[in-house]
1. What Kirkwood radius, in Å to one decimal, follows from the Cα pairs of region 1-105?
2. How much FRET efficiency would the formula 1/(1 + (r/R0)^6) give for N279 and N161, where r is the Cβ-Cβ distance and R0 is 30 Å, rounded to 0.05?
3. For a quick check, take a GNM of the chain with Cα springs below 10 Å and name the residue from I154, I82, I133 with the largest mean-square fluctuation.
4. Given a Förster distance of 41 Å, report the FRET efficiency between N231 and Y116 from their Cβ-Cβ distance, rounded to the nearest 0.05.
5. Can you put V166, V232 in order, fewest other beta carbons within 10 Å first?
6. Provide R148, R104 in ascending order of the number of other Cβ atoms located within 10 Å of each residue's Cβ, fewest first.
7. So what is the calculated 222 nm ellipticity per residue for the chain, using -39500 (n - 2.57) for each DSSP H run with n of 4 or more, over all residues, to the nearest 500 deg cm²/dmol?
8. PRE reach from Q55 (point 7 Å along Cα→Cβ): which of region 140-164 fall under 20 Å by backbone N?
Amino acid sequence: MGVYFLVVNPAKKQYLDAGRFGENSKQSGIFSGIHAKAVGLLLYDTKKQLSLTHQLVGAWVGDSVIVAGDNAHPNPVGIQTINEENPERNLYEMAYQEFEDISREAIIMVMTEYDYWIDELVEHAKSNRWLMIELGSIVFHTGFEPLRKSLEKIVGSDWTNRFKEVCEEDRGRRININGRQHKYRLEVAALPHAPDLAEVFKQSDLQISIDSCVSAQWSVGDAQGIWLGKNVPPEIAVPAIKLAVKEWSFLRYVLLSDSNAPDFVHDEIYFGGSTRLINSYQLKRWSDDDFNSLQPTMKPAHLHNIVKGFYKT
């Protein structure tokens with residue numbers, strides 16, 4: 001099968017996965033392709049001189065960067081990777097278990113600084129399901145408009161159907177209430193402690209999925225949104241939102257799905273939506289009292305009007 005590699009920055013506790021770019025992460029492909037351009041941007045020390053703006057540009061300057069293989073020995077160059085549970089753990093395994101995957105943000109960085117790469121990524125995504133997941137998620141959770149236009153141009157106006165298909169292969173989980181399965185979904189971005197939130201929901205007889213389409217581990221400051229599907233009834237939406245806000249107090253904004261969203265988005269609630277997209281909509285911040293005022297018995301139109309009341313006009 002060959003050896004797979006990650007580009008790892010132990011000092012920052014971050015890594016980049018070429019596979020997330022839809023590229024070959026084996027020896028024959030590492031540092032060959034757009035992910036190599038991303039690594040180069042991370043290591044640029046002339047950000048201002050080159051008029052580069054993305055926050056990740058130059059973020060790895062001065063750090064040791066290691067191409068870590070999945071068959072490597074533990075404890076490379078003085079870095080302790082082993083632990084009591086796994087005395088043979090190497091840096092590749094440690095990165096997956098403990099470090100932040102910045103691959104998706106690195107894709108955004110490349111597209112931001114070199115817009116001519118957008119169409120090339122989209123062309124590749126037509127035949128690469130993993131890259132389609134990455135690109136579609138960037139559009140829906142960060143509002144990256146140049147990418148949306150490229151997907152419409154190259155994949156087609158129904159590109160959201162393709163995105164839905166590949167995501168469905170990784171999802172397929174529905175809400176079960178009182179032993180009865182519903183079509184509505186609850187999902188959470190793969191933030192730190194997302195499994196803890198999923199366990200809290202499980203104890204409350206609500207099931208929530210950790211979104212495999214958003215596996216980049218953003219900080220909580222980057223993910224303060226709740227995306228409310230317009231079809232989810234208040235009897236499900238309100239208890240779920242209140243429970244999530246109680247556990248994750250950084251969730252302070254609610255956005256209702258609109259006509260531009262694909263059909264499946266209207267049937268789900270998503271916790272951990274992009275703060276960048278919140279800023280583009282200029283949403284107003286919710287207080288604890290605002291969330292507590294919601295009632296599961298209210299009419300859907302009433303709930304939607306409350307949400308829209310936090311939109312800035």
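1. 14.4 Å
2. Details: r = 29 Å, r/R0 = 0.96.
That pair, N279 with N161, gives E of 0.55.
3. The residue that fluctuates most here is I82.
4. According to the calculation, E is roughly 0.60.
5. V166, V232
6. Ordered by Cβ neighbours within 10 Å, fewest first: R148, R104.
7. -11000 deg cm²/dmol
8. 140-147
We did not get these values from a lab; they are worked out from the coordinates using the rules stated. Owing to the predicted nature of the structure, the values given are computational and were not obtained by experimental measurement. Virtual Cβ from ideal backbone geometry, glycine too; neighbours counted across all protein chains shown.
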